[in-house]
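Asks: Once you've had a glance at the structure underneath, I'll fire off some questions.
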Amino acid sequence: QVQLVESGGGLVQPGGSLRLSCAASGRTFSLYTMGWFRQAPGKEREFVAAIGWRLYGTYYTDSVKGRFTISRDNAKNTVYLQMNNLKPEDTAVYYCAAQRQPYSDSPTSYDYWGQGTQVTVSS
């Protein structure tokens, strides 16, 4: 069982930055592929980024490549999402998720989810 708690969301102007954190419970965090998803009002939940558990491979959706960076600190049981040059279309609730399988961009592949943190990009 893994419990996930996101933090770091907020209101930021276009072009600004935020760093999201996701703290995980449990002693096997290092064995989980971790992902970030987001859901805007009226839209489906979409994949943002993921980081593998074995070789720390990273994966991004095209719209955030070059702007967002996912990383993990297994000693702290935490995964991060550094978001730079934010755009209004990045506005959404951001969710952290965990799974034991290799990389996947499908929400249905993930077994554990956090409660979400709101990110609003607006002037």
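Asks: So which GluC sites (Glu not before Pro) in the stretch 1-96 are both in a DSSP loop and have at most 12 other Cβ atoms within 10 Å of their Cβ?
Replies: 44
Asks: Once you have the Cα-Cα distance between residue 122 and residue 75, take 0.36 nm times their residue separation minus that, and quote the gain in nm to one decimal.
Replies: That pair, residue 122 and residue 75, stretches by 13.4 nm at full extension.
Asks: To continue, here is another question. With the crude spin-label approximation of a point 7 Å out along Cα→Cβ, what separation in nm comes out for residue 85 versus residue 7?
Replies: 3.0
Asks: Here's a follow-up. With a 1.4 Å probe and all protein chains left in place, how much accessible area per residue does the stretch 16-123 have, in Å²?
Replies: Here the per-residue accessible area is 51 Å².
Asks: Here's a follow-up. At a 1.4 Å probe, what is the % contribution of carbon and sulfur to the accessible area of the chain?
Replies: 46
Asks: Describe numerically, in nm with one decimal, the distance between label points set 7 Å from Cα along Cα→Cβ at residue 63 and at residue 17.
Replies: 2.3
Asks: How about the stretch 33-123: which trypsin sites (Lys or Arg not before Pro) there lie in a loop by DSSP and see at most 11 other Cβ atoms within 10 Å?
Replies: 43, 54, 65
Asks: Give me the net charge of residue 107's neighbourhood, meaning all other residues with Cβ under 12 Å from the Cβ of residue 107; Lys, Arg count +1, Asp, Glu -1.
Replies: Neighbourhood net charge equals -2.
Asks: On a straight-distance basis, which aspartates and glutamates could pair with residue 43 in a cross-link, Cα separation under 19 angstrom, same-chain partners fewer than 8 positions away excluded?
Replies: Candidates past the 8-residue exclusion: 62, 89, 90, 105.
Asks: Express in whole angstrom the spacing between the alpha-carbon centres of the stretch 1-52 and the stretch 66-91.
Replies: Centre-to-centre distance over Cα atoms comes out at 8 Å.
Asks: With label points built 7 Å along Cα→Cβ from the Cα atoms of residue 55 and residue 105, find their separation and express it in nm.
Replies: The answer from the label model is 1.9 nm.
The values are calculated or read from the model by the stated rules, or taken from the named source; none is laboratory data. On a predicted model such as this, the values are computed, not experimentally measured, just so you know. Cβ coordinates were reconstructed from backbone atoms using ideal geometry, including for glycine residues, and neighbour counts include every protein chain displayed. These area figures cover heavy atoms from the full protein model, side chains too; ligands, DNA and RNA do not enter into them. Shrake-Rupley method; radii C 1.70, N 1.55, O 1.52, S 1.80 Å.
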